[in-house]
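The values are calculated or read from the model by the stated rules, or taken from the named source; none is laboratory data. Note that the structure is predicted; figures quoted are calculated from it, not measured. Cβ: placed from backbone, ideal geometry, glycine included. Neighbour counts: every protein chain shown. Heavy atoms of the whole protein, side chains included, go into the accessibility calculation; ligands, DNA and RNA do not. Shrake-Rupley method; radii C 1.70, N 1.55, O 1.52, S 1.80 Å.
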Amino acid sequence: MDDLVPSEQRIDRQTLDRVIRRAAELQASERDIGDSLTEKQLLELGRDVGIPARHLQQALQEEQLRLDTGTGGPLSRFMGPDRLSAGRTVPGEERELENKLARWMTDAELLTVKRRYPDRVSWEARRDFVASLKRELGIGGRKYALARAKDVVGQVRQLESGWSYVTLRADVSNTRTGHIVGASVFALSGVVLTSIAGLLGIFLPVALIPSAVGLIGGLGIARRRRGRLEGTQVALEQVLDRIEHGELDTQQIGPGSPQGTVQRIVTEIRKNLGA
């Protein structure tokens, strides 16, 4: 048999993806890995097929994000999920980025540490007077969307020297109940008005109008949650933007003196009062 000579024919991107995926499957099939394998075994397999460990670790983190977020049931698809997440590969060392992220969350996002784990930290909204006032007045032109979440979890994982993968997850399940209650009350009010109209003998098509309005309005209230969650998702991405572009330096996120904080609050109050 003649030696195979590589063809000069160009391969498009879709074909390339299929070929590489199939080649990886064939390589994996030559090893007895069973139904599952550990992360260490995956990295070893990747090394055998020439895939850098950094790319495999990043792919693992992205897959975990996908599994964590999920699509949920019909209610989640209508009102929005209970968990939001964002992840990105950024320049920097793990410990350095962890320190900068922690400083940003507490000083700029007005959060406080909730739990410390070996590989991640969770934060929740600060409830002190100054933090509440800052959020209410929107000092600094910010919406502080992350403070509306039940908690925010940050994790930094080193991929290779000089590069890390940062993951942010926000538990927003606390926002669902309020919207469901509001929607239910609005819809129920329409039903009550329709019942009263029926008792008064009002023409049925007219009596049904409050129920229709209540149902539509209730659905609108429930649906409004998606818009608010979009703001929280954007806030997560903005933190990653700042990390990626080196905007989490301690000089930029320092809280400043108490006098400076009070002065900014006073200025913002005067601005809102039109003084």
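The portion of the accessible surface of segment 121-195 made up by carbon and sulfur, rounded to a whole percent, is 61 (1.4 Å probe; DNA, RNA and ligands excluded). Computed extension length for LEU200-GLN238: 8.1 nm, one decimal, from 0.36 nm per residue of separation with the Cα-Cα distance subtracted. Peptides 161-169, 201-209, 178-186 ordered by packing proxy, namely the average of other Cβ atoms within 10 Å per residue, highest first: 161-169, 178-186, 201-209.
Rolling a 1.4 Å probe over the protein heavy atoms gives segment 106-255 an accessible area of 55 Å² per residue. Under the simplified labelling scheme, the LEU16-ILE209 pair shows an inter-label distance of 6.3 nm, with each label point 7 Å from Cα along Cα→Cβ. Based on the convex hull around the alpha carbon atoms, segment 88-225 presents an average projected area of 11.9 nm².
Here the calculated FRET efficiency for LEU137 and ASP107, from their Cβ-Cβ distance with R0 = 25 Å, stands at 0.90, rounded to the nearest 0.05.
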